[in-house]
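Quick note: the coordinates plus some simple rules give every number you see, no bench work behind them. Computed from a predicted structure; not experimentally measured. Positions of Cβ are generated from backbone atoms using ideal geometry, with glycine treated the same way; all protein chains shown enter the neighbour counts.
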Amino acid sequence: MFDTLTQCEPDAIIALMQVAKADTNPNKIDLGVGVYKTDDGATPIMRAVKQAEALYHHEEITKSYVSTSGNMEFRRLMTDLILGDNHPAGDRIATAQGVGGSGALRLCVEVIKAASPQATVWVSTPTWANHIPMLESVGLGLASYPYYNKETLSVDFDAMMDTVSTGARSGDVILLHGCCHNPSGADLTHEQWDTVTDLMADRGLVPFIDLAYAGLGHGLETDLYGLRKVVATLPNVLSGISCSKNFAVYKERVGMALILAETPEQADIVQSELGLVQRRLVSMPPDHGAALVARILGDRDLRQMWADELDEMQTRISDLRVTLSEALNVQGGEVIARAVREQNGMFSMLGLSKDQVRALRKKSIYMTDSARINIAGANLKTIPQFADAILEVL
Ligand SMILES: Cc1ncc(COP(=O)(O)O)c(C=O)c1O
């Protein structure tokens, strides 16, 4: 039966992780994998998560199934967190817990396919490595819009608007990163969100927001601007939300699909579709991580503790950006220095060639072939070495 299969290409980031791990150079700098790290290279459990886990350990009384749409308290609290208390969408929202942000995105993609199989989904160039394979696997039509200019290392907003406004047809879906664009780190400004929202309203386009890093760019309120803007303005919105990074519960696989329908009646139907899709994919999502997130968001003290630690993580990333930017801001390094300073979240795409990336790898400095770095993998000690190596290959 398996004679027809051939060896799959290993996932590029996982392969890079393994090479970096095997490197015994004590001065290696691993900026490849997309997880938050502290100064000493650890990815710790957040304080609030640890406490919630201890409490939950005593409170949990059954391991029975929850439901196809997942933990209801988690979904309610997450919806309020993401859209804000007293959000205008009210009962036009349908939600389902996803197996991580990836599972949440997949639920949305399945609902798009069921509701609108003829829709084309427009993705940014570049985009997160899993978007295109996920969309292709359900057989949706795909198109791309230019997003990141590798010369200026910034968003090419005019090119993006031009392509979407001339190419997309009513009913098409525009996949946007809510904040901390992966891989580039270059985000839309609030004014650009307003402009692209107007365009989507004019043309009957449907935003599909991948929100994987809320809180890690400029803090929650600022990072949620885009999603809140489209929810307040447009009739239909889909969003796949991840808790992996901002609650640091990566392996627990916690996320949520949030879909805005035009009416409460439609939201009910979408809710039933989400349940059906989930049932076919995984039957029931895992509960543990979602229960912890619900425990944190539902408890004033734990919530504050979590928000404080999220702010600390965000501040560390911003400080590293400033330090790296200063170290690069010499003749020849100005463009990268500005980009590193202005971009958001853990990632920046440095615009280096594959040869330059390989040259850095020979010095035990690891980033993806696309020259994406995870800035959280650096620290104040390694930044001078990293900056010098970049300036050298430039
Ligand atoms: C842009 C983007 N979307 C979604 C995800 C999925 O996150 P999760 O690990 O929660 O599935 C990631 C993870 O790296 C990501 O970078």
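Here are the numbers:
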read-out: Positive-end residue, the chain charge dipole about Cα centroid, Cβ charges, pick of His177, Leu5, Phe386; value: Leu5
read-out: Total charge dipole magnitude, the chain, about the Cα centre, Cβ charges on Lys, Arg, Asp, Glu only, Debye to nearest 20; value: 880
read-out: Highest-first arrangement of 285-294, 178-187, 256-265, 322-331, where packing means the average Cβ count within 10 Å; value: 178-187, 285-294, 256-265, 322-331
read-out: Stretchable slack from Gln7 to Ser116, in nm (0.36 nm times residue separation minus alpha-carbon distance); value: 35.9 nm
read-out: Cα-based shape type of the stretch 177-285, given that a ≥ b ≥ c are square roots of the gyration tensor eigenvalues and the cut on a/c is 1.5; value: oblate
read-out: Cα-based Rg of the stretch 56-96 normalised by 2.2 N^0.38 Å, two decimals; value: 1.44
read-out: Candidate aspartates and glutamates for bridging to Lys28, where Cα separation is under 16 Å - those fewer than 8 sequence places away on the same chain excluded; value: Asp39, Asp40, Asp388
read-out: Cα-Cα separations in the stretch 50-300 greater than 34 Å, expressed as whole percent; value: 13
read-out: For peptides 40-48, 245-253, 4-12, sequence by mean Cβ density within 10 Å, most packed first; value: 245-253, 40-48, 4-12
read-out: Length released on extending from Asp369 to Glu73, taking residue separation times 0.36 nm less the Cα-Cα span; value: 102.4 nm
read-out: Only Lys, Arg (+1) and Asp, Glu (-1) charged, at Cβ; the stretch 206-253 dipole about Cα centre in debye; value: 80
read-out: Residue-span extension gain [Lys28 to Asp299] - 0.36 nm each, minus C-alpha spacing; value: 93.5 nm
read-out: Pairs from Lys113/Lys251; Lys63/Lys229; Lys354/Lys381; Lys245/Lys354; Lys50/Lys363; Lys37/Lys362 whose Cα-Cα separation, in the structure shown, is over 31 Å; value: Lys63/Lys229; Lys50/Lys363
read-out: Anisotropy class of the stretch 9-151 from Cα gyration tensor, a/c 1.5 cut; value: oblate
